[in-house]
Amino acid sequence: MPELPEIETIRRDLIRDVKGKKVKDVEILNPKVIKEPEPAEFKRRIKGATFKDFFRRAKVLAMKLSTGEYLVVHLRMTGQLIYSAEKQEKARVVFVLSGGRYLSFNDQRLFAELRLVYDWQKLKFVQELGIEPLEKEFTAQKFKKMLGAKKTKIKPLLMDQTFIGGIGNLYAQEALFLAGILPTRPANKLKDEEIKKLHRAIQKVLQDAIQYRGSSVDKYVNGRGKKGNYHLRLKVYGRKTEPCVKCKSSIKKISLGGRGTCFCPRCQQ
Ligand SMILES: [Zn+2]
């Protein structure tokens, strides 16, 4: 499932490719992905508008239109947004753009969501989002305060979108490996030095993953329909029984909060 780096990569691609383009038509091939307003109304209000800007909050993308409304996209598990010369074959919604190209919204599993609203920051699931891990407000000191009251295990806590926004199963595992911390440690038992390391590790893996244009371990492709490169650099995710890149011990996999979790039993304490 795409996480912060993948959504940020798509956002940057859309700024480059789609900003300033006018929507000449909206083809709705599966109305199920449109949560609000009604599909006919959705189409009527977008047709003729121009894409003005692109924002991201955690894993949510908000596309500002010249009408003042925002097209809010949540890709969930298998959603894709692809700008290309041809319509994507399995698109659920196609935005026909000025200049003769298309922005296709694909979603194999139909969990992704499109909304057209004026005040996207007031959407309930946006309001509930926790701190942005790459923003200035997320300091090591702030992180320490946030962890202090939490008795839950650190890895599911990092994935809790109301705690920190944008980290999922993949980057939580990578950040904990980089910080040398076991995924099962209770959050409020981390020592100051470990909190600092984890804070740095979270920012580093997210920034590196953006630099490498995301991880294509599933359906993720960037805004031009290409795979990312960061999955080639993963240290623990999906590497069960492979040797640890640091110490050559065998990577272990456990289930934690219902999610597969890989770690090095020697490098992570
Ligand atoms: Zn190791």
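In this structure SER66 has an accessible area near 60 Å², from a 1.4 Å probe over the protein heavy atoms.
Carbon and sulfur: what percent of region 1-75's accessible surface (1.4 Å probe)?
Working: 1400 of 3040 Å².
Answer for region 1-75: carbon and sulfur cover 46 percent of the accessible area.
Dipole check for the chain: with +1 at the C-beta of Lys and Arg, -1 at the C-beta of Asp and Glu, and the Cα centre as origin, the magnitude is about 720 Debye. Take the chain with all the other protein chains still there, run a 1.4 Å probe, and you get 48 Å² of accessible area per residue. Just tell me which aspartates and glutamates come within less than 14 Å, Cα to Cα, of LYS240; anything on the same chain fewer than 8 places away is out. Here the aspartates and glutamates satisfying the reach criterion relative to LYS240 are GLU174. Which listed residue (THR184, PRO133, LEU158) has the Cα farthest towards the positive end of the charge dipole for the chain, taking +1 on Lys and Arg C-beta and -1 on Asp and Glu C-beta about the Cα centre? About the Cα centre, the residue reaching furthest to the positive side is THR184.
Among the trypsin sites (Lys or Arg not before Pro) in region 18-56, those located in a DSSP loop and surrounded by at most 14 other Cβ atoms within 10 Å of their own Cβ are LYS19, LYS47. For GLY168, the residues 5 or more places off, or on other chains, whose built amide H falls under 5 Å of its own are LEU4.
DSSP H helices in the chain with Cα extent of 18 Å or more along the helix axis and mean Kyte-Doolittle hydropathy at least -1.0?
Numbers: long enough: 4-17 (20 Å, -0.62); 192-211 (29 Å, -0.75).
Those that clear 18 Å and a mean of -1.0 are 4-17, 192-211.
Counting only GluC sites (Glu not before Pro) that sit in a DSSP loop (anything but H, G, I, E, B) with at most 12 other Cβ atoms within 10 Å, what is the longest stretch of the chain containing none of them? Please report the intermediate quantities before stating the final value.
Details: sites that count: GLU86, GLU89, GLU128, GLU135, GLU137.
The reported range is 138-269.
So which trypsin sites (Lys or Arg not before Pro) in region 87-179 are both in a DSSP loop and have at most 12 other Cβ atoms within 10 Å of their Cβ?
Taking region 87-179 and a limit of 12 other Cβ atoms within 10 Å, the loop trypsin sites (Lys or Arg not before Pro) found are LYS90, ARG109, LYS136, LYS151.
Classify region 140-269: rounded, prolate or oblate, from the alpha-carbon gyration tensor (a ≥ b ≥ c, eigenvalue square roots; a/c under 1.5 rounded; otherwise prolate if a/b is larger than b/c)? Let's see the in-between values first.
Values: a/c = 1.74, a/b = 1.28, b/c = 1.36.
The shape class here is oblate.
Cross-link partners of LYS197 among lysines, defined as those whose alpha carbon lies under 21 angstrom from its own and excluding same-chain residues fewer than eight positions apart: LYS136, LYS142, LYS144, LYS145, LYS150, LYS151, LYS153, LYS155, LYS189, LYS235, LYS246. Each of MET159, MET1 has its accessible area taken with a 1.4 Å probe; listed largest first, they run MET1, MET159. The relative contact order of the chain comes to 19 percent, based on Cα pairs under 8 Å that sit 6 or more residues apart. Sorting LEU134, LEU123 by accessible area puts them as LEU134, LEU123; the probe is 1.4 Å, largest comes first, and only protein heavy atoms count.
Using a 1.4 angstrom probe on the protein heavy atoms only, line up PHE263, PHE55 by accessible area, largest first. Working shown, then result.
Values: PHE263 25, PHE55 80 Å².
Ranked from most to least accessible, the order is PHE55, PHE263.
First compute the accessible area of region 147-245 with a 1.4 Å probe, then give the percent of it belonging to carbon and sulfur atoms. After summing per-atom areas, the C and S share lands at 50 percent. Per residue, the average separation of C-alpha pairs within less than 8 Å and at least 6 apart gives region 185-269 a relative contact order of 16 percent.
The values are calculated or read from the model by the stated rules, or taken from the named source; none is laboratory data. This is a predicted model, so every value here is computed, not measured. Neighbour counts are summed over all protein chains in view; Cβ atoms, including those assigned to glycine, are modelled from backbone coordinates with ideal geometry. Just so you know, the surface numbers come from the protein's heavy atoms only, side chains and all, with ligands and any DNA or RNA stripped out. Shrake-Rupley method; radii C 1.70, N 1.55, O 1.52, S 1.80 Å.
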